[in-house]
Every structure is written in structure tokens, then in C-alpha cells.
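Everything on this sheet refers to the single structure shown next.
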Number of protein chains: 4
Amino acid sequence: MTEPSSEEFRTLVQGVFEQVPFVREVGLKLHAFDFAAQTLSAEFARKPELIGNHFHNILHGGVIATALDTVGGFTAMVAAYQRMGGAIDWEEKVQRLMRLGTVDMRVDYLKPGRGEHFVCSGSILRVGNKLVVSRMELHNDREELISTGTATFLY
Amino acid sequence: MTEPSSEEFRTLVQGVFEQVPFVREVGLKLHAFDFAAQTLSAEFARKPELIGNHFHNILHGGVIATALDTVGGFTAMVAAYQRMGGAIDWEEKVQRLMRLGTVDMRVDYLKPGRGEHFVCSGSILRVGNKLVVSRMELHNDREELISTGTATFLY
Amino acid sequence: MTEPSSEEFRTLVQGVFEQVPFVREVGLKLHAFDFAAQTLSAEFARKPELIGNHFHNILHGGVIATALDTVGGFTAMVAAYQRMGGAIDWEEKVQRLMRLGTVDMRVDYLKPGRGEHFVCSGSILRVGNKLVVSRMELHNDREELISTGTATFLY
Amino acid sequence: MTEPSSEEFRTLVQGVFEQVPFVREVGLKLHAFDFAAQTLSAEFARKPELIGNHFHNILHGGVIATALDTVGGFTAMVAAYQRMGGAIDWEEKVQRLMRLGTVDMRVDYLKPGRGEHFVCSGSILRVGNKLVVSRMELHNDREELISTGTATFLY
């Protein structure tokens, strides 16, 4: 296969995102994706299985960590792809992007995860030729900042 | 209700643990619980919905974060309960333990999450009268250390 | 002593900042301070003792961590002071602010610490009645983002 | 130069450690170094310039971060050196070890930094062919655990 257009790349990313089993389990869906700005966002709705504290009806911290890790990782993938540039052929780029993995992540839980609907967005702090550092935020449907995170990815 | 015996407290913790909706979703079960040592462990089996990278058949980072956060939090709950001691009555202790929440967490992903079965264990680094810091580890069934984490909890 | 005006409070913060021995050692000076926005910044010049890698003439990671921790902590102090509000008297506020301490911090080293002069700025992610979470950034004199951090403070 | 013996390597590490300007400023000295176990420790004495809170006479958080970052980094260097093995020649190993840098670090401040004398020790959580993850601890002269940290290094 030859290098895809940026529209084709977007469609590929969307396809990979939607096939991750645990992402489907949580119900996270790719929402917006700005190739040039290297930002990406995903959204999900509250459902009973995602609750961590049913006395207070708030999301489990692990659901929030899942959203941040996933969005941070896909944002990193877009940035790593652009960083690899024209010198590396498409097959090798795909190989490297498939191996992209989270090295470490910090999550800050700023407010209880209350709401019907959540949006998680990612942006890039650093792209090197081996590592990407992403920053992530999770907001609820009242635009309250529920959680932030920073994660390092290796590709 | 009056102060439970340590055996009753263990049964209560077990009951609360098993009723957390997202913990059930992941399939995490309380395994061992040492009241005096303030350590606790939980286990879960791999199942298709927990996979993050199906090319490599490894756990999603969010599943690992969920296990670490849950085990760290319940270990913190046991430590906070002991720390409150005899001066605070049982009703108030319950109120405070119900509000215990994760402030922040770091997760290190040391090896790909391969395996059939995983054990996550927690221990205590600090117990104050407001904060608890827990350290967590996740091993697979070949006793490989897959992930470690540190988290701060407020109660 | 009675509650200071916001101008007097600024002078007090400046005085405390400048008297911290290790802050003097590094040469960190309070630069800007916006009481309403709860932001604060400090600056320092490169000097030979601050170098970590003399083959590359870059700042030691510990110097960067010192700047982030200090700026994050003073930003948290301003936010905690405002949060305590009118219900708590000045003496008690001072007692609590003196005890404010860092619980944990994450630092990301994004680029090598090259430059003649550095500015570190802090802002607030969360202010509760016990905890404050600050975010910090360090830029060099070419406006490059050298490092970011997130820290949790207890007061 | 040809590959050094492990005794010569130890002497080299000691020499590099002692020449880092900010490490000298803090007064950190290499204490023990176990090549086979990939552990390393350093020590320093309290002195007035290292104080962060002179009301309570405790170390500045930045001093603790400096000790953890330095010890974690040198422990990582030893592990990276061993990991590179016989296939890479000495000149190239030196080049790579000189570029070893901290990617990110988490520090937990567990107890106030009181004491006359401190020991900081490091061990390895992961060594890959690009990344090393170290865990660090700081104890005072009463053997109290003052601080722990985890850091990721790239080489």
C-alpha cells in the first residue's frame, strides 16, 4: 500500500479506534480530529456499568483513566505519524504505529465524574523520534473540568 | 450500628468491593486482605473485552489503571479506617470512608499485559489524617511484573 | 494582626518567597503575581552551579524541579488563602499557609534546559478546602517550553 | 579506549557523578554501587542552604527531587550500560550514556525532610533498549522513609 492522503489516514485512525475492544466496552467514540493541530477528542455517555461509587453516582476512576490513555495514545499516534515524515515508507510507519504503547501516565482527578456525557481531548507537549508526550482533559456536559492527565508514549 | 469486629469489617469491604459496577464489568475480585499488614490484592482473568491491542492480544492500559486504582483505593480504605482509631464513632468513619476518592495516580507500564490471569496488590506508603498514599503492582500468571503505580487518596 | 489588604498580602508573599534558603541558592526570584487570576511566576538566570550535564551545558533536572515545586507551591498558597475566605481569621490562615506542603509532583522534561534565563509560571487546576492542584511551566529566553509539571499540595 | 573492567566502570561513574555541578552544590556523594544488582545509593548532609521551610527546618522539596533524579539517573545509566552488552562498542556506549536524560519523574513527599543526614537509593523497574524506569527512595538518619519517586529515562 502507498502513503494515504490525510483524509484516508483519518479514516484509518477512526477504524482502528473503533475496533479496540476495551474502548468499545466503555463506549468511547472518536469525535473530532485536527490533523494539522495534532489534537483529537472522543466522547462517551454515562451508563450504569461505568459507575465507581453508586452512592454518589460518579464515574469510576478507571473509566476516566481509560478515556485519557486512549485519547492521549491516538493523539500521540497522529503526531508520531507526522513526525516520521517522508523518509520512512508507509509499511514501516504502520509497523511503528502499531507498536506505539503507553510508558507512563499521571491522572489528576479534579472533580467527581458527574454528568450524562463526557468529552476527552488530547494535545501534544513533545514529539521526538522515539517518544511523544500528550496532555489530556476530560470535561462533562456542564463544561466542568473533571480530570487532566499527562502521558508518555514510545513508538 | 456499632463498631464491627475485624472479621465483620473484612466482610463489609468484600461486599462493597463486589458491588462497584465498573469493577464487576472488568471482573476484578478481592483475593487476599491482610488487615494488620494493610495489604490487599485482587485478581481478574483476561477476557476479549479487556484487550487494548488485538494485534498483540494485550490488556488495554485502562484495564490496568482500573485494577491499580481500585486496589490502591481499597488498601487506602483499610489503612484510613485503622488510622481513625477509637476516637471517631463508626457512623462517622463510614461517612468518611464512603467519600474516599483518588486525588491523583501515576501508572508505569513496564511490560505488555500478556497473560491469562492477573493479580494486583496494594500496600501503604503513607497514612495521614486526611491523605493516604498507596503503591500498587500488577503481575501476570508467569509472575512477570506488568505494571506499577502510586496513588494519593483523600478521605 | 488583622487581615492584610491584597497589596499587603502580595508584599508578605514576596518576603516569604525571598527568604526560602534553597530558593535563594538557586537564585529564583518572584516575577509576576496576579491575585485575581491565581497565577504567579518566578525567574532565574543560568549560572555554572545549576548545570547538570556540562558536556551539553544544560540545567540539572533538580533545578527545574525546584523551580516548578516552588512556583506551584506559592501559587497554591495564594489560591488556598483566597479559598479560606472571611470565615477563618487571619492568625489561623497564616498557621495553615505555613504548613502548606507538597504531597506529590510530576515533572515532564520536554526539551534540554538550554538558555541564559528562565521563567517558571504556575496556575491552578483545583482548590479544595484541604488540597490544591497546581500546573507549572518553565520556558527559556527563546520562549521554548522546557518543562511542565503538575503538583498536589495539602494545607 | 577499550571496554573497561567493572571496577574501572565504577571509577568512571564515580568520577562523572562527582563532577556534576548541581550535585556538588547540593553536596550529594556516591555511597554504594552494586553493579550486579543494578542498585546505587548516594548520601548528603543537611546544611542551611538546603532548607525549604525554616519555620520547620525541613529540606526543600527541590533538594529531594534533585537527589531522586540524580540517583535514579545514575542507576539507569548502570542498567543501560549492562543492557547494551557486547554487541555495541565502548565508544558508542559512552555516546549513548552521555545523552541519557530524564523524560519524566513522579515524587511523593511522605514525611517532612527532617534529619542531619540523608541516604537516597535507586533500583530498576524496567530496562529496555531505549528506556529505563528507576524507583528511588530517600531515608533520613532515623531510617524514616521521607520520599519515594519513579522516573523514566531515555538513552
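The values are calculated or read from the model by the stated rules, or taken from the named source; none is laboratory data. This one's a predicted model, so the numbers in the text were calculated from it and none came from an experiment. Here the Cβ is made from the backbone with ideal geometry for all residues, glycine too, and neighbour counts use every protein chain on show. Ligands, DNA and RNA are excluded from the accessible area calculation, which covers all protein heavy atoms including side chains. Shrake-Rupley method; radii C 1.70, N 1.55, O 1.52, S 1.80 Å.
A few remarks follow.
- Residue match in region D:48-66 (condition: closer than 28 Å to D:Arg126 by Cα and not in a helix (DSSP H, G or I)): no
- Residues that are under 14 Å from the mean Cα position of the chain (by Cα) and open to solvent by 10 Å² or more (accessible area, probe 1.4 Å) within region A:98-124 comprise A:Leu100, A:Gly101, A:Thr102, A:Val119, A:Ser121, A:Ser123, A:Ile124, listed in sequence order.
- Within region B:10-47, considering residues that are β-branched (Val, Ile, Thr) and open to solvent by 20 Å² or more (accessible area, probe 1.4 Å), the one nearest to B:Ser123 (Cα to Cα): B:Thr39
- Verdict on C:Gly15 being out of contact with any strand residue (DSSP E or B) (no Cβ under 7 Å at 6 or more places or on another chain), on the phi > 0 side of the Ramachandran plot and outside any strand (DSSP E or B): no
- Meets criteria (open to solvent by 60 Å² or more (accessible area, probe 1.4 Å), within 14 Å of another protein chain (Cβ to nearest Cβ), among the aliphatic types (A, V, I, L, M) and not in a strand (DSSP E or B)) for C:Met77: no
- Yes/no for C:Thr102 being in contact with a strand residue (DSSP E or B) (Cβ under 6 Å, 6 or more places away or on another chain) and at pLDDT 95 or above: yes
- Any hit, region C:59-72, residues being open to solvent by 20 Å² or more (accessible area, probe 1.4 Å) and out of contact with any Pro (no Cβ under 7 Å at 6 or more places or on another chain): no
- Unmet requirement for D:Ala87, which otherwise passes all of (1) more than 29 Å from C:Leu97 (Cα to Cα); (2) in contact (Cβ under 8 Å) with a residue 12 or more places away in the chain: (2)
- Checklist (1) away from chain B (no Cβ under 14 Å); (2) part of a helix (DSSP H, G or I); (3) of a type in the set (Asp, Glu) applied to A:Asp69, failing item: (1)
- No other residue among B:Gly52, B:Gly15 is out of contact with any Pro (no Cβ under 7 Å at 6 or more places or on another chain) and in contact (Cβ under 8 Å) with a residue 24 or more places away in the chain apart from B:Gly52.
- Identity of the residue in region B:11-63, facing another protein chain (nearest Cβ under 9 Å) and among the β-branched types (Val, Ile, Thr), that ends up nearest to the chain's Cα centre (by Cα): B:Val23
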